[in-house]
Each structure stands twice: as structure tokens, then as C-alpha cells.
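Data block below; observations after.
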Amino acid sequence: MSTLTTLIIVLAILMAIVGGETGIRSFFSVLINTILLILVAMLISWGINIPILILIFIPLKLVTIIYLGTHDYTVAKNSFYSSFLVCLIVSVIILAFQWMAQAAGLGPEAGEVLVGLSQMPGLSYPMIAVAVAIFSALGAIAEAAVAMSSGLLEIKKHNPEISRKNLMVSGNAIGNDVLGTSMNTILFGMFGSFLSLFLWYFRLHYSLGEVLNEKLFVNEALIILYSLIGVILTVPLSTFFLSRGMSDHNEVKNESRKSNTN
């Protein structure tokens, strides 16, 4: 049994013990999303139109992440709407800034690997960079949406008569904590994955200007910034959708009560 297989089994057991049914569903959500990412890579390599793949797989991945990872339908529905809207907005931002950055493709560090291989595989590296950035930001956006929706729904359950204004205020307070933890998670994830590259830059005496213009570093930094922008947009949108939905639900209940009493 390989190390990878052993760790996957340990992960599945721990998620089942700690999370119960939701943990098991979350584990299968991870497996399904892994399969979807492999499928995306295969379809891109076969020459399928990348923008079409992005539009198809964004909702598919959000559905598997959110609906399989949460036990409450209201939380899942609100999280899906807000995260899908944020993903569309972030996708437009990514398209614009990837075009301005012109950082797609492979850097000179990959020169030895590419020796003897064709430099024109027939793929659009800029669109591949866009797809990578969108799918990288998608997880952070969905996580923030679920965290916001779950917190606000718990507040609503314990205080059913809370007004929309007070719910928005509570959402902003929760959002500040979500933003802080999400940003640190994203930044430390980047540092952990790029520590060896940073050491390489340092040992080879790269100047600050060379590092800031290095494709590998620029692409990773852009992905981090896209994820942060997505999380920032998710906080107010999740609060707005849930507070509006809950307020409309209360209005319908109040009207039905009045009609019953009359």
C-alpha cells in the first residue's frame, strides 16, 4: 500500500468519525472534484473550447463542493447563489488582468524539461492560465460562502424575529473573522507551496525586479489576489442573499398568520 493510499484512507476514516454523514459526503465531494479537475485537464488537452469548459464546470464544481459538503439546504442554496455570482465577477476580473499581465506560459526555469519537445502544442496558454486562476479561486469562494451562510442561519434560528438590518450587521461581524482567517489560509498556502522556489530565487541571487517579473511568481501571486478578491466579494453577497431570503420568508409567514386569524 502506497503512502498516498494510506493517507487517503486515514482521511476518510477521520472525516467519518468527526463529521459523521456530512464528513462522508465531504470526502466524496473531494473525490468527485478531483475527478472533475482531471476531466477538465483531459478535455483541454483534446482541444475542447476552454471558455465553454469553464462555464460548464464552475457550477458543477460548486454543486459538488457546497451541496455535498453541507447538511442544510438553505445554507447550500444561499452559498451556491452567492459563490456562483462571485465566480462570474471574478472570472471577468481574471480575464482582464491576465491579459494585462501577459504572464501565461512557462518560464525559463522549464527550459531543460522542454528540450526536445514541441514548443507549439496547439493550446492557448493564456486561456489555460485563466482556467487555472478561476478553479484555484473557486474553492476559497465556496468556503467563505458556506461559512457566512452557516453563521447567519444559526443566528436566525436562535433569534427568528431578528430584522434584516440587524442580520446584516451580524453578517458584517462574521465576515470580518472569515476574511481574516481566509486570507491567512490563502497566503500561507502560497508560501508553503512556493518555499522551494523562493529559496531558489534567493540562492541564485535574483533581484527584486527579476522576481516580480518572473512568470511562475507572477502567476501564483495573481491567483492569490484573485482568491482574496473573491472572498471579499463573497462576504457581503452571502449576507445580502440570506438576509433578504429570510426576511421574505418571515413576511410570507406573517401574512399567512394574518389571513388565518381573519
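The values are calculated or read from the model by the stated rules, or taken from the named source; none is laboratory data. Owing to the predicted nature of the structure, the values given are computational and were not obtained by experimental measurement. Every residue, glycine as well, gets a Cβ built from its backbone with ideal geometry; the counts of neighbours run over all protein chains shown. We work out accessible area using only protein heavy atoms, side chains counted, and drop any ligands, DNA or RNA first. Shrake-Rupley method; radii C 1.70, N 1.55, O 1.52, S 1.80 Å.
Among residues of segment 25-49 that are under 26 Å from Val10 (Cβ atoms), those with a beta-carbon under 6 Å from a residue that is at pLDDT below 85 and among the small types (Gly, Ala, Ser) at least six positions away or on a different chain give the pairs Ser26/Gly69; Ser29/Gly69. In segment 66-92, the residues that are in contact (Cβ under 8 Å) with a residue 12 or more places away in the chain and over 20 Å from Ile32 (Cα atoms) reach residues that are open to solvent by 10 Å² or more (accessible area, probe 1.4 Å) and of a type in the set (S, T, N, Q) with C-beta atoms within less than 6 angstrom, at least six apart or across chains, in these pairs: Val75/Ser150. Filtering segment 2-10 for residues that are part of a helix (DSSP H, G or I), among the aliphatic types (A, V, I, L, M), open to solvent by 20 Å² or more (accessible area, probe 1.4 Å) and closer than 20 Å to Leu138 by Cβ leaves an empty set.
For the subset of segment 153-169 comprising residues that are modelled with pLDDT under 80 and open to solvent by less than 30 Å² (accessible area, probe 1.4 Å), which member is farthest from the chain's Cα centre (by Cα)? Restricting to residues being modelled with pLDDT under 80 and open to solvent by less than 30 Å² (accessible area, probe 1.4 Å), the top hit is Ile162. The set of residues in segment 45-70 being open to solvent by 70 Å² or more (accessible area, probe 1.4 Å), among the β-branched types (Val, Ile, Thr) and part of a loop (DSSP other than H, G, I, E, B) consists of Ile48 alone. Filtering segment 189-243 to residues that are under 16 Å from the mean Cα position of the chain (by Cα), of a type in the set (Val, Ile, Thr) and under 28 Å from Lys165 (Cα atoms) leaves Ile229, Val231, Ile232, Thr234, Val235. Per the conditions (1) open to solvent by less than 90 Å² (accessible area, probe 1.4 Å); (2) free of Cβ contacts under 8 Å to residues at least 24 places away in the same chain; (3) of a type in the set (A, V, I, L, M, F, W, C), the sole criterion not satisfied by Leu187 is (2).
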